[in-house]
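The values are calculated or read from the model by the stated rules, or taken from the named source; none is laboratory data. Note that the structure is predicted; figures quoted are calculated from it, not measured. Neighbour counts are summed over all protein chains in view; Cβ atoms, including those assigned to glycine, are modelled from backbone coordinates with ideal geometry.
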């Protein structure tokens with residue numbers, strides 16, 4: 001069995017969580033282990049276009065599906081508008097939570113081209129950021145909506 005990871009078909013690892021597979025055999029550093037209880041948002045990935053926590057999701061649950069991590073949103077040469085906006089707004093402090101936040105913002109922008117501030121706040125509500133850069137994060141998401149998305 002296999003699944004699509006950042007646009008590439010890959011073999012489905014045996015056992016464990018999706019997060020363990022992403023950070024282990026696939027060597028991706030975007031999704032982070034925060035709480036391991038689906039409560040902090042650091043591990044979020046896009047699963048068939050929807051932002052979901054990966055820390056408790058059995059890896060078998062993604063068989064035949066599409067998974068996108070922060071690494072799959074853009075490249076250094078062609079970053080996703082959210083990645084550019086977060087840099088321009090200096091929205092990150094430690095950066096631990098940002099991968100999950102950007103993933104959830106990307107899911108929001110895919111389903112709603114011009115979300116208002118309340119919609120952005122609601123989409124990012126599940127994410128914990130202890131560095132207090134919430135205002136910059138909000139500005140970055142609102143800035144990115146003006147750019148074309150993938």
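Across the stretch 1-34, the qualifying residues are those that are touching a strand residue (DSSP E or B) at 6+ places or on another chain (Cβ under 7 Å) and part of a loop (DSSP other than H, G, I, E, B), and the one among them that is nearest to residue 59 (Cα to Cα) is 12. Taking the listed residues 37, 42, 61, 106, the one that is touching a strand residue (DSSP E or B) at 6+ places or on another chain (Cβ under 8 Å) and closer than 27 Å to residue 11 by Cα is 106, with no other qualifying.
Per-residue answers, yes or no, for (1) at pLDDT 95 or above; (2) closer than 17 Å to residue 131 by Cβ:
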site: 34; (1), (2): no, yes
site: 50; (1), (2): yes, no
site: 58; (1), (2): yes, no
site: 64; (1), (2): yes, no
site: 77; (1), (2): no, no
site: 85; (1), (2): yes, no
site: 91; (1), (2): no, yes
site: 97; (1), (2): no, yes
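Quick check on my filter: what residues within the stretch 105-123 are in contact (Cβ under 8 Å) with a residue 60 or more places away in the chain and crowded, with 22+ Cβ neighbours inside 10 Å? Matches in the stretch 105-123: 106 only. Within the stretch 1-19, being on the phi < 0 side of the Ramachandran plot, in contact with a helix residue (DSSP H, G or I) (Cβ under 7 Å, 6 or more places away or on another chain) and without any contact (Cβ under 8 Å) to a residue 60 or more places away in the chain holds for 12, 13, 17, 18. Of the residues making up the stretch 20-31, those that are within 18 Å of residue 95 (Cβ to Cβ) and in contact with a helix residue (DSSP H, G or I) (Cβ under 6 Å, 6 or more places away or on another chain) are 28, 30, 31. Going through (1) within 23 Å of residue 122 (Cα to Cα); (2) surrounded by 21 or more Cβ atoms within 10 Å (Cβ to Cβ); (3) free of Cβ contacts under 8 Å to residues at least 60 places away in the same chain one by one, residue 62 falls short only on (1).
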